[in-house]
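This report refers to the structure that appears directly beneath it.
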Amino acid sequence: MQRTGLFIERAGFLQRLNPLTKVTGVLLLIGATFLLPAPLTGAALTVGALLPLAFASLVAHRFLDVLVKTLLPVLISLALVQGLFFPTSDPTTVAVGPLLFRRAGLQFALDTGSRLLVVAGAPLLLFQTTHPGALVQALIQSGMPRSIGYIVLVALQLIPAISERAVGVAEAQRARGLETEGSVLQRIRGVLPLISPLIVGALVEAEERAMAIEARAFNAPGPKTWVRDIPDPPVERTARIGMLAALGALIVWRIASLFSG
Amino acid sequence: MAYCVALFWMTVLSRRALDVDLTHLRTNHADMNDVLQPHTRIALHNVTFTYAGATEPALRDVTLAVPAGQICAIIGRAGAGKSTLCALCAGFVPHFFRGRLTGSAIVDDMPVATHPIAELVRHVALVGSNAFSQISGARFTVYDEVAFGLENLGVPRPAMIERVEWALRALGIDHLRDRSPYALSGGQQQRMVIAAALAMNPPVLALDEPTSQLDPPAMIELADVLRSLSRQGMTILVAEHRLEWVADVAERVVALDHGAVLADGAPASVLTDPRLCEHGIGWPRPAQMAAQARAEGRWAPERPLPITVADLAAGLRAAAADQESMNGQSNTPHGLTVRPVAEMDEALSMTPVAEPVVTLDEVHFTYPTGVEALRGVSLTVRRGERIALVGRNGAGKSTLVRHLNGLLRPSRGRVLVDGVDTRTTTVARCARSVGVVFQDVRNQLFARTVRDEIRFGPRNLGFAPERVDALTEAAIDALDLHDVVSEHPYDLPPARRRLVAIAAVLAMDTALLVLDEPTAGLDNASIALLKRLIEQLTERQRSVLVVSHDLDFCYEALDRVVLMRDGRIAFDGRFAEVDQVQTAALDGDVGLPIALRLRYVCP
Amino acid sequence: MTTSTTSQRSGLSSTALALIPIAIAINVALGHLVQSVLKLPIYLDSIGTVLVGLLLGPLAGAITGLLSNVIWGLTLAPAALPFAAVAAVIGLIAGYAGQYGAIRSWWKMALAGVITGVIAAAISAPIATYVFGGVTGAGTDVLVAMFQNLGASVLGASFMQGAVSDPLDKTITYLIAWAIIIALPRRLLARFGAAE
Ligand SMILES: Nc1ncnc2c1ncn2[C@@H]1O[C@H](COP(=O)(O)OP(=O)(O)OP(=O)(O)O)[C@@H](O)[C@H]1O
Ligand SMILES: Nc1ncnc2c1ncn2[C@@H]1O[C@H](COP(=O)(O)OP(=O)(O)OP(=O)(O)O)[C@@H](O)[C@H]1O
Ligand SMILES: [Mg+2]
Ligand SMILES: [Mg+2]
């Protein structure tokens, strides 16, 4: 697999947009879910915004797949824990089979769950439709420290590499006769002797990579340039301003409504 | 989309001649330093440097002046100070590796001690000796990786694209531009990091062991590139162990010994200087062979010793001619001084009926990225065999090696280790009959001391304690590690670390020992150590399979040669019996050992 | 002790630049293993953060923690994202623990672990409550249910859950970090400037 995180190479709608536009969109969506009444907003935004966009960007299948995989455990335990044990004075309960759910608990779970859909879904969609390299470049060009961008990019590529390395160390140990295939207990015990060589090796590598960073003039003073160009048509710039304005309006409205009662 | 721009430039540029873009590339430095009248680019005066925490200085009173446009090679044994000298010229000593520096070091008119690397980097580029650890990691394709340095220097996009395209072509990795920098073979990675440095087009270039993973044709190409760069006025400092390559590329050779300059001058004189042998650096093979020929009266006493094969051949021919004119009988085509081992000890050359240790049967393998690395490889390794696995960078050698102990399992076909299919067994099981030392030994070391490291294997195999001790000590002897048994493996210099990795696998006393590029970065002394080791193993009827680009080493230490090309086996024979055709095949892909070259190419 | 030049924008040395991403990857790889695969009631997702804090100081530690959760949230488990602030504080504390010299003895490390754990629990409780309704889909949710059943509010239960698992988790983490650091080769200790 290519080490590009969640990104899926497709020629869809979102893929054509400037990363900053998408980031602003994510902020607006998440902001809205917390500022507007749940559970309606969350559900509405998921069905009305995220899904259509996912389809328009030809990633709907993978989007839903990942979203479900990552959120299902949270949602289930949310329903169970809060549905069954939500601290509330409201005695009304709902019987589901043998279980007695508390109405207020279910309500709470529903609100939170609907919010989570957007909180998790919006960034997911962003990352499935934006090459991390392009995203970081755009963020740096609009003011993020280069070193932060560098760290993020390297880490993104290292996560699969380190997992492979963990495997690699295990394999090297196995190649020298260490049995790691065995009962669960054996494997859990095998985790610790794995961590230490993994980290020492990583530290050695860090020293060498530090040399590479210097040798490639990363810290050289003066203006930087980019070999790839990220188009940013005026339309999108205005769109971003629009979205930020909307977000601001929402916040103002929310605060106002708080004071009014 | 800049990518389209890049493609456009690519198509435009691919029609240009190398030197044309070179001149083009140089222009922006013309203002910085006048190429026409060469002045000193690297000026070291009485430089002494001691690493923090080290007792001995790594450089002692070194004085060296390298004029603009010169290719200056640094040679010396392991630990002589070559890498330290390179690091110093790029400012990594003392700014990155701390220690005590005395004397003055001025590179491209910049006093190294008083300018941070961030400034020096515009004047000098350094390529470190470990090809595997110099990937910035921040870029997703080879193309962007090579561009990374230029982005940081703020080079305008069109110029940047032009330089990147040129560097990719100069190092022959144009076709890998869209690969992940991590999904490359050892040699391909080394080409990439060199390309990344060349693209930055510095006035001064410091290369530390640039050929350690390169196949011979790539070495020749690199030599050409460096020569044409130096013609453009680039000053090039290159630390190397491969003396034959040094003889080919260098205009000047500096020999270091224990951090001090031992000899300094023209290659022809330095590389045949007796002191090199006295201090264990050794001579390039042509000089060695001529010296031996002279001793045997087959080389005119007054004739200077050659450093290139051509001169060697000419000299031997001349001598042979004289002999003939004197006494009518002509002697054999200059009776070779170095013979394939098979000829030397017929007794040892194994019988074909010896039982197989590993059998590959129509093995195919495709990496997750879709790269088809093996396309139907069949190979049998029998007891007591000494096999050289050779081939160009990316031919599939390391991929094949990872199949020999089940680390990789064939996509199609099967691998039998001691008659057991690797798909039905564990790596740990295979480890009992096949020991592998990988090309990149980084995540092979995990113990806290060298001795523990070496004991690790035999202990895991559940040998009796006294056998474990015996094997451990034997391995320590074989690789001459007595002085460091209680050190942390990562406290040793890289070359020594590789020897530890070899010892660790050797101690497992397996039927087959596999070494992937064992000679990379080793000095002649350590290489001699390896040769002796391989001999001892064969005497004990152990098999050895060595992946190497050093054909002379293969010829002198091994007897069967397997040539890989594009994931297939191009031919499989014995050095002693190769014919004209096979020689041609070898020559085309990985060049020839000198002995064969003398016999077939310039007889 | 490392003297590699620092980048103007963020004051991070190139050594830090090289080490932090690796630490992040270690956090994520290990954390994912422990939480998603083994489903233990601890996280072990801050070993990298603690290491960097101890070796390179508070700033580097905080950045490691922050970015670890950001990246983790955006690649594997969205649940991690809102807790980025907590992770940052953990790195910060580890940094100060390192400057104070906790490395010198194992019990100081254990103590630092407990303190870190309590503080972490205190900060994460409100986040867990407001964003996730107290649960994260990890093994620790069982505890939340238990405490709520004993009559605690969602916020209270989240805190108690944290107060149970965090100090334990962080103590283990610090002890692992300690074991690793004291075993480091001399050259690396010199490079990363840990107190001998
Ligand atoms: N980072 C370091 N810290 C302490 N000592 C070092 C360091 N790097 C090298 N040395 C020591 O300095 C001396 C010179 O090392 P250097 O790497 O320059 O030798 P070299 O000629 O490059 O050896 P090789 O042929 O193995 O590359 C050696 O004794 C080595 O152990
Ligand atoms: N981890 C990897 N992922 C994807 N492709 C790879 C990987 N490693 C190697 N390859 C590719 O597989 C092919 C064979 O690689 P391999 O490492 O076997 O070559 P090699 O013969 O060992 O070359 P070298 O002499 O440079 O070591 C090459 O094209 C290489 O780019
Ligand atoms: Mg060296
Ligand atoms: Mg290889």
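Values quoted throughout were computed directly from the atomic coordinates according to the rules given, and no laboratory measurement underlies them. Every value quoted in this text rests on a predicted model; they were computed, and no experiment measured them. Positions of Cβ are backbone-derived with ideal geometry, glycine not excepted, and every protein chain shown enters the neighbour counts.
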Over segment B:466-603, relative contact order from alpha-carbon pairs under 8 Å, at least 6 apart, %: 17 percent
Go from 0 up to the bin containing the longest alpha carbon distance in chain A, width 10 Å each, and give me the % of pairs per bin. 6, 19, 24, 24, 19, 7, 1, 0
Per residue, what volume in Å³ does the convex hull of the Cα atoms of segment A:1-136 enclose? 127 Å³
Taking amide H positions as placed 1.01 Å from N in the peptide plane, with prolines and chain starts having none, which residues 5 or more places from B:N393, or on another chain, fall under 5 Å of its amide H? B:D215
In debye, nearest 20, what is the charge dipole magnitude of segment B:79-154 about its Cα centre with +1 on Lys and Arg Cβ and -1 on Asp and Glu Cβ, if you could check? 360 debye
Place +1 on the Cβ of every Lys and Arg and -1 on the Cβ of every Asp and Glu in the protein assembly as shown, take the dipole about the Cα centre, and give the residue among C:A163, C:G113, B:G259 whose Cα lies farthest towards its positive end. C:A163
Lys, Arg +1 and Asp, Glu -1 on Cβ, resulting dipole of segment B:346-500 about Cα centre, debye, nearest 20: 620 debye
Between the alpha carbon centres of segment B:35-99 and segment A:243-258 the gap in Å comes to 63 Å
Quick check for me: using +1 on Lys/Arg Cβ and -1 on Asp/Glu Cβ, what's the dipole size of chain B about its Cα centre, in debye to the nearest 20? 1120 debye
Among the lysines, select those whose C-alpha is under 22 Å from the C-alpha of B:K531, and discard any that sit fewer than 8 residues away in the same chain. B:K397
List, largest first, the extents of the alpha carbons of segment B:472-592 along their principal axes, each in whole Å. 51, 29, 25
10 Å Cβ neighbours from other chains, averaged over peptide B:91-100: 4
Under-5 Å amide H pairs with B:T40, H placed in peptide plane, nonlocal only: B:A68
Based on the mean of other beta carbon atoms within 10 Å per residue, what is the order of A:143-153, B:417-427, most packed first? A:143-153, B:417-427
Say we join alpha carbon atoms closer than 10 Å with springs in a Gaussian network model of chain A; which of A:F34, A:F86, A:F218 then has the biggest fluctuation? A:F218
Please work out, to two decimal places, the log10 of the ratio I(q)/I(0) at q = 0.09, 0.11 Å⁻¹ from a Debye calculation in which every Cα of chain B carries one identical scatterer. -0.76, -1.15
Among residues other than B:G394 whose Cβ falls under 11 Å from its Cβ, what is the net charge (Lys/Arg +1, Asp/Glu -1)? +3
What's the FRET efficiency of B:H482 with B:Q536 using the Cβ-Cβ distance as r and R₀ = 22 Å, to the nearest 0.05? 0.80
Counting every Cα pair in segment A:202-251, what percent are over 15 Å apart? 71 percent
From the helices alone, meaning DSSP H stretches of at least four residues, give me the mean residue ellipticity at 222 nm for chain A, per-run term -39500 (n - 2.57), in deg cm²/dmol to the nearest 500. -24000 deg cm²/dmol
When each pair of different Cα atoms in segment B:353-502 is counted once in the 1/r mean, what is the Kirkwood radius in angstroms, to one decimal? 17.0 Å
Taking a cut-off of 54 Å, what percent of all Cα-Cα pairs in the protein assembly as shown are separated by more than that? 22 percent
Burial ranking of peptide ranges B:82-93, B:523-534 (average Cβ count within 10 Å, highest at the top): B:82-93, B:523-534
Likely footprinting exposure, B:D589, B:D579, fewest C-beta neighbours within 10 Å first: B:D579, B:D589
Computed helical MRE - 222 nm, chain B, DSSP H runs ≥ 4 contributing -39500 (n - 2.57), nearest 500: -11000 deg cm²/dmol
Amide H contacts under 5 Å for B:V544, placed H, 5+ residues apart: B:E385, B:R386, B:I387, B:L513
Let me understand segment B:90-186 better: what is its radius of gyration from the alpha carbons, and its Dmax, in angstrom? 15.8, 46
Would you mind calculating the relative contact order of segment A:11-122 from Cα pairs under 8 angstrom and at least 6 residues apart, reporting the percent as a whole number? 37 percent
Choose one of B:P304, B:L374, C:S153: the residue whose Cα lies farthest towards the positive end of the charge dipole of the protein assembly as shown (beta-carbon charges +1 Lys, Arg; -1 Asp, Glu; about the Cα centre). C:S153
Before anything else, pin down the relative contact order of chain B: Cα pairs under 8 Å, at least 6 apart, normalised by residue count, whole percent. 13 percent
Shielding of A:67-77 by partners, i.e. mean partner chain Cβ atoms within 10 Å per residue? 5
